[in-house]
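Engineer: Take a look at this one; I'll ask things after.
Nothing in this text is a laboratory measurement; each read-out follows from the coordinates by a stated rule. Predicted model only: the values in this text are computed from it and were never measured. Because the Cβ atoms are built from the backbone with ideal geometry, glycine has one as well, and the counts that use them run over all protein chains shown.
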Amino acid sequence: MLKVAIRPRAQLDLESIYIHIAVVLGSPTAANQALESLYAAIERLAEFPTLGKDLKDDDLARPYRRMLCKSYWVYYTFSDDELIVWRIFHTSQDIDDYTYVDL
């Protein structure tokens, strides 16, 4: 299993997801379930890093991969010993709106 590193911006994404579901939508239970699912997906990627699909984009600095977890895309890279989670976006978000912040 690869060591997992969650980049600061991805950590903020996770916090934002929790706040949105728990506070804005008023469902702390659903917020906890969403984060549990995302962390489980990340752990699964640490075991099987090729589960996600290549994200081919010449504008990106590195060859990212992404995996769908419920309604969220997890953007990551991996090496022989480490999985790095760069960003987590809801499927309704257009990542072009974020100008590839930290991607």
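Engineer: Given H placed on each backbone N at 1.01 Å, which residues far from Cys69 in sequence or on other chains put an amide H within less than 5 Å of it?
Structural biologist: Val74
Engineer: Output wanted: per-residue J couplings in Hz (rounded whole) for the range 47-52, from phi through Karplus 6.51 cos²θ - 1.76 cosθ + 1.60, θ = phi - 60°, x for Gly and Pro.
Structural biologist: 7, 10, x, 8, 4, x
Engineer: Given Cβ point charges of +1 (Lys, Arg) and -1 (Asp, Glu) and nothing else, what value in debye, to the nearest 20, does the dipole of the chain about its Cα centre take?
Structural biologist: Dipole about the Cα centre, nearest 20: 200 debye.
Engineer: For a quick check: with amide H placed at 1.01 Å from N, whose amide H comes under 5 Å from Leu83's, ignoring anything fewer than 5 positions away on the same chain?
Structural biologist: Result for Leu83 returns Lys3, Val4, Ala5.
Engineer: Modelling each spin label as a point 7 Å along the Cα-to-Cβ direction, I'd like the Asp57/Leu35 distance in nm, to one decimal.
Structural biologist: Result for the modelled spin labels: 2.6 nm.
Engineer: Per residue of the chain, what 222 nm ellipticity follows from adding -39500 (n - 2.57) for every DSSP H run with n ≥ 4, rounded to the nearest 500?
Structural biologist: -10500 deg cm²/dmol
Engineer: Applying the Karplus parametrisation 6.51 cos²θ - 1.76 cosθ + 1.60 with θ = phi - 60° to the phi angles of the range 16-21, what ³J(HN,Hα) value in whole Hz is obtained for each residue in order, glycine and proline being reported as x?
Structural biologist: After applying 6.51 cos²θ - 1.76 cosθ + 1.60, I find 5, 4, 4, 4, 4, 6 Hz.
Engineer: Identify, among Pro28, Tyr64, Tyr18, the residue whose Cα sits farthest towards the positive end of the charge dipole of the range 1-72, taking +1 on the Cβ of Lys and Arg and -1 on the Cβ of Asp and Glu, with the dipole about the Cα centre.
Structural biologist: Ranked along the dipole, the leading option is Tyr64.
Engineer: Now, a different point. Can you tell which of Trp86, Ala41, Trp73 lies farthest toward the positive end of the dipole of the chain, using +1 and -1 charges on the Cβ of basic and acidic side chains (Lys, Arg; Asp, Glu)?
Structural biologist: Ala41
Engineer: Once you list every other residue whose beta carbon is under 15 Å from the beta carbon of Asn32, what net charge do they have if Lys and Arg are +1 and Asp and Glu are -1?
Structural biologist: Neighbourhood net charge equals -1.
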